[in-house]
1. What lysines does Lys67 reach when the alpha-carbon gap must be under 20 Å and sequence neighbours fewer than 8 apart in one chain are set aside?
2. Just in the range 5-87: which GluC sites (Glu not before Pro) are loop by DSSP and have at most 16 other Cβ atoms within 10 Å?
3. If you filter the range 42-92 for trypsin sites (Lys or Arg not before Pro), then keep DSSP loop positions with at most 13 other Cβ within 10 Å, what is left?
4. Got a sec? Charge dipole of the range 12-101, +1 on Cβ for Lys and Arg, -1 for Asp and Glu; which of Asn93, Ile28, Asn52 is way out at the positive end?
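Quick note: the coordinates plus some simple rules give every number you see, no bench work behind them. In this text the structure is predicted, and so the values were computed from the model without any measurement. Positions of Cβ are generated from backbone atoms using ideal geometry, with glycine treated the same way; all protein chains shown enter the neighbour counts.
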Amino acid sequence: MATVTELKCAVRDTLESRGVLGQLKARIRAEVFNALDVEEHREPRPPLSHQNLLINELIREYLDFNKYRYSASVLTAESGQPEVPLDRQFLANELKVTEDASSKSVPLLYGLVSHFLNSSDGRVPLRGAAAGSSAAGPDV
């Protein structure tokens, strides 16, 4: 008969090999965060700026695309991002991004990074407001 330790190891190995263990750990982290967020009477979050809303949505789209579901749920809960994702076309319009058929199959963040990696001089000019230091982020 297998010992308790052997049984634990077998279960852990099986869950790990099936890719479930990482998902369970991420889910537990997300639930712990939600429980702490609800139970603690923390300072209210600063208002979600328009710029942070767009940045968070780019990150959420990337996380969802890569099946990082629990990371996306923690981002949504922690940032105060609306539960319903922004419409992709709205996001593209706000960022003044034009897409072709192939770019629509990947998150907008991939296209933005690709654009800057392939730009002629490799430099990205930043405006002072884009590097703002406020916790809520600058409103551009």
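1. Excluding near neighbours in sequence, the set is Lys25, Lys104.
2. Glu40, Glu83
3. Within the range 42-92, the qualifying trypsin sites (Lys or Arg not before Pro) (loop, at most 13 other Cβ atoms within 10 Å) are Arg42, Lys67.
4. Ile28
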